[in-house]
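Read-outs: derived from the displayed coordinates by stated rules, not from any lab. Since the structure is predicted, the reported quantities are computational estimates derived from the model, not experimental observations. We place every Cβ from the backbone using ideal geometry, glycine too, and count neighbours over all the protein chains shown.
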Amino acid sequence: MVNDERPPEFLPQKNLLGFIEKLIELGEVYAPKAVGPVIDLGMIHDPDEVVVDFEQTRQGIRTIVEPQNEVLLTYDAKSTFSEKETLPLMRRRIVLWCRPCDARALTFLDDNFYDPPFVDPYYARRRENLILIGLGCAQPFPYCFCGSIGGDPFGKENLDVLMTQVIGGYLLETVSEKGREIADHAKELLRRPTNDQMAEAERIHRAATAKLRRKAPDVTKFSTEGMSSFESPIWKRWGEKCIGCGICTYLCPTCWCFDITDTETKGKGYRMRSWDSCQFPLFTLHTSGHNPRPDKASRVRQRVMHKFCYHPSNYPDHIACVGCGRCSELCPMDIDLIAILNELSEAGEKDA
Amino acid sequence: MPENPYLPHPAIVREVRQETFGERAVRTFIVDFEDEKRSAEFRYRPGQLAMLSVFGKGESMISIASSPTTGRSLQFTVMRVGRVTSIMHYLEAGERIGVRGPYGNGFPMDDWEGKNLLFIGGGIGLPPLRSAYTYALDNPSKFGEITIVYGARTSADLVFRKELEEISRSGKARVELSIDKAEDGWGGFVGFVPANVKRLSPTSENTIAITCGPVIMIKFVIKELMGLGFKPGAIFTTLENKMKCGIGKCGRCNIGPVLVCKKGPVFSYEQIQNMPKDF
């Protein structure tokens, strides 16, 4: 406990809409809302748009800091490139209710987009003006396994405010200076929590991890010994199952890969950035026809090895998975990440 | 805020040289930045890369075929093979392109001082080597003997042919050219590049071998070199995976944990032996 840490505050349920209005005064607000048939993080203009009773949003925060499509540069017929119209404005973006795992995922996106000597200015401008209000998971979801991969259903990593739903409202813990600004701005809506509310929140926190039904094996050794998994026979088997749709990478909160393409309309050119996926053969196809990852086995391997071996070997202790379970839950072929990790882990033990 | 690393800088194509003809023609583009200051700031090492923009069509990562010793103009030798490079071949002198870079590690020329340099190229693999051998030829006091072994499918597919013949005549380097199949009037070796290496049997003593070309050629060249006593740490090659950003962000050029655009494209065979077979 830091001495200047602000004591938790209580947001009564009846003040929630007012609180969201306060947030809208401060910047663009992204919150769980109905997007077609799913609940996803999207920009809201009215507090009524927020879906209060949600489980996991379809996507994490990537879409807010690295949109699925964006214009990087424009250019004119005289062939002059410009960033003037396309660099994101320094505008405050507030995410109301991201899950702690999705907030944690930004650590790995930061690793990539800030890796020296090049800072990605599009990412950085969004990231630095981002305020994250998390909602902890009292009842983790069927595919979650954050607790066994370095996370916590009430983890505070990258969050500015952590909220815990208690009877009659929400307990607010401000984690950062930005979080304190939010609480100050909405201070007339906040109350001092009762001892009962404090105790209830603590009980919920303690119980949450135990409620996680799924568990990843210990994967810390993959960053040092994982290369031996490269030649494992399991990739061929999982590759045969995969249909290469890429949904695992599109929904993964720690994926960041992108393509850059040019389009031209009416004498004006646009250099676009769009999400791409290591699960697609074109991702690595050389012009010569050579493809370093020519089959699904090598592409499934790339996805798993990148997160559990390559990334942590470049950034110690940074296993680039937060245990949200989306890749396994939404895979049309039931390719289960934990099953893959278990097989790798067992094979590693046999070798040892 | 630091400079936007995605922003290409305008450059003018000063001259276009036709290296080879045909469906997969090769042209060399000699390019100057429009901005003098940019030109002075663009300091590169042999073996580094640059991202070239053709307006409306996209970007392509091309190795720099010139040497920093040959002045401020940059040279890019490009085969017409993909979407962007095909459009690039329509560029004429005076037209504008975009350039950003330089990227990658380049050849460790300083480490090679005092050594003999053996360059072994195949087809369109010669341009990155040219950057290094030009640098070495321009710094004769720093290096020992220089040998260039180069081959292509036919004599019409040899790039920089005139320049190589001049180098040979000048006696500054030994140049050994080859073509895959016999042709009338060809006085040089006929056969694949690895066979030419075997025939020449260059000494491995105090020598660094640098090879670039088709993947299969590199594989067999390395085999020959190992047979000649070259140590894996004395053999270098460039691995040029598909790249989109060039600055280590877009995620596709990796070989295991190594991003080729940042840590490569130049690797010793010793380094490659420790990499997963992912290239």
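Between A:LEU17 and B:ARG43, the modelled labels are 6.4 nm apart [label points 7 Å from Cα along Cα→Cβ].
Give, rounded to the nearest 20 debye, the magnitude of the charge dipole that region B:109-238 has about its Cα centre when Lys and Arg contribute +1 at Cβ and Asp and Glu contribute -1 at Cβ. Numbers along the way, then the final one.
Values: 15 positive and 15 negative charges, 50 e Å.
Here the size comes out at about 240 debye.
With a 10 Å cut-off around each Cβ of B:50-59, the average count of Cβ atoms from other chains is 5.
Dipole of the protein assembly as shown computed with +1 at Lys/Arg Cβ and -1 at Asp/Glu Cβ about the Cα centre; of A:PRO116, A:GLY348, A:GLY155, farthest Cα towards the positive end is A:GLY348. Within the straight-line cut-off of under 14 Å between alpha carbons, the aspartates and glutamates reachable from A:LYS211 are A:ASP152, sequence neighbours fewer than 8 places apart in one chain being disregarded.
Once both labels are positioned 7 Å from their Cα atoms along Cα-to-Cβ, the gap between A:GLU49 and B:ALA93 label points is 5.8 nm. Taking chain B as the reference, fit the longest principal axis to its C-alpha atoms, fit the long axis of helix B:126-138 to the helix C-alpha atoms, and give the angle between the two in degrees, 0 to 90, nearest 10. So the inclination is approximately 80 degrees. Sorted fewest first by neighbouring Cβ atoms within 10 angstrom, A:ASP76, A:ASP110 come out as A:ASP76, A:ASP110. Listed by Cβ neighbour count within 10 Å, with the fewest neighbours leading, A:GLU349, A:GLU70 appear as A:GLU349, A:GLU70.
Test of understanding: what is the full-extension gain from B:SER73 to B:ASP35, defined as 0.36 nm times their sequence separation minus their Cα-Cα distance? Mind dumping the intermediate values first?
On the way: separation 38, 0.36 × 38 = 13.68 nm, distance 1.22 nm.
Between B:SER73 and B:ASP35, full extension yields an extra 12.5 nm.
When the gyration tensor of region B:70-154 is built from Cα positions, what are the square roots of 5 times its three eigenvalues, in whole Å, from largest to smallest? Could you put the intermediate results ahead of the total?
Details: eigenvalues 157, 59, 25 Å².
Over the Cα atoms of region B:70-154, the ellipsoid semi-axes are 28, 17, 11 Å.
Consider a paramagnetic label point 7 Å from the Cα of B:ILE216 along Cα→Cβ; state which residues of region B:24-51 have an amide N under 13 Å from it. Hits in region B:24-51 for B:ILE216 at 13 Å: none. Per-residue ellipticity at 222 nm, computed for chain B from helices alone with -39500 (n - 2.57) per DSSP H run of at least four residues, works out to -6500 deg cm²/dmol. Each of B:THR70, B:ILE222, B:GLY22 was scored by the projection of its Cα onto the charge dipole of chain B, and the greatest displacement toward the positive side belongs to B:ILE222; charges sit on the C-beta of Lys, Arg, Asp and Glu. Cα gyration tensor of chain A, axes a ≥ b ≥ c as square roots of the eigenvalues: rounded (a/c below 1.5), prolate (a/b > b/c) or oblate? Note, shape of chain A comes out oblate.
Scanning chain B for cysteines with no neighbouring cysteine C-beta under 4.7 angstrom from their C-beta gives B:CYS212, B:CYS253, B:CYS261.
Taking the inverse of the mean reciprocal distance over all distinct Cα pairs, the Kirkwood hydrodynamic radius of region A:1-53 comes to 12.8 Å.
Please give the average number of partner chain Cβ atoms lying within 10 Å of the Cβ of each residue in B:251-262, rounded to a whole number. Kindly include the intermediate steps, with their values, before the conclusion.
Details: counts 13, 14, 2, 9, 2, 9, 12, 3, 3, 1, 0, 4.
Going residue by residue through B:251-262 and averaging, the value is 6.
Note on region B:9-103: percent of Cα-Cα distances in each 10 Å bin, starting at 0 and stopping at the bin with the largest distance, equals 17, 56, 25, 2.
Taking a quarter of the surface of the Cα convex hull of the protein assembly as shown gives a mean projected area of 32.2 nm².
Based on the alpha-carbon set only, what is the convex hull volume of region A:9-210 divided per residue, in Å³? Don't skip to the end; give the middle numbers.
Working: hull volume 28.4 nm³, N = 202.
Spread over its residues, the Cα hull of region A:9-210 gives 141 Å³ apiece.
Computed from Cα atoms, the angle from the helix B:215-227 axis to the main principal axis of chain B rounds to 40 degrees. Straight-line reach from A:LYS178: taking Cα to Cα under 16 Å and skipping same-chain neighbours fewer than 8 places apart, the lysines in range are A:LYS22, A:LYS156, A:LYS187. Every helix of 4 or more DSSP H residues in chain A counts as -39500 (n - 2.57), and over all residues that averages to -9000 deg cm²/dmol at 222 nm.
Placing unit charges on each Cβ (+1 for Lys and Arg, -1 for Asp and Glu) gives region B:239-279 a dipole about its Cα centre, and among B:LEU259, B:ILE272, B:LEU239 the Cα reaching farthest toward its positive end belongs to B:LEU259.
Placing R0 at 30 angstrom, the Cβ-Cβ distance between B:GLN273 and B:SER86 gives a FRET efficiency of 0.25 after rounding to 0.05.
Calculated on C-alpha atoms, the gyration radius of region B:239-279 divided by its Kirkwood radius gives an Rg/Rh of 0.93. Using a Förster distance of 25 angstrom, determine the FRET efficiency expected from the C-beta separation of B:GLU23 and A:LEU282, and round it to 0.05. The pair B:GLU23/A:LEU282 has a calculated efficiency of 0.65. Modelled label positions at A:SER228 and B:ALA195, each set 7 Å beyond Cα in the direction of Cβ, lie 4.4 nm from each other. Normalised Debye scattering of chain B at q = 0.17 Å⁻¹ gives log10 I(q)/I(0) of -1.50, counting only Cα atoms as equal scatterers and leaving out solvent.
For region A:215-301, what does the alpha-carbon gyration tensor say about shape, rounded, prolate or oblate, given a ≥ b ≥ c as the root eigenvalues, a/c under 1.5 as rounded, and a/b over b/c as prolate?
Since a/c reaches 1.5 and a/b is larger than b/c, the shape of region A:215-301 is classed as prolate.
Put the Cα centre of region A:1-78 next to the Cα centre of region A:156-204 and the gap is 17 Å. As a proxy for reagent exposure, B:VAL215, B:VAL175, B:VAL26, A:VAL119 were ordered by neighbouring Cβ count within 10 angstrom, fewest first; the result is B:VAL215, A:VAL119, B:VAL175, B:VAL26.
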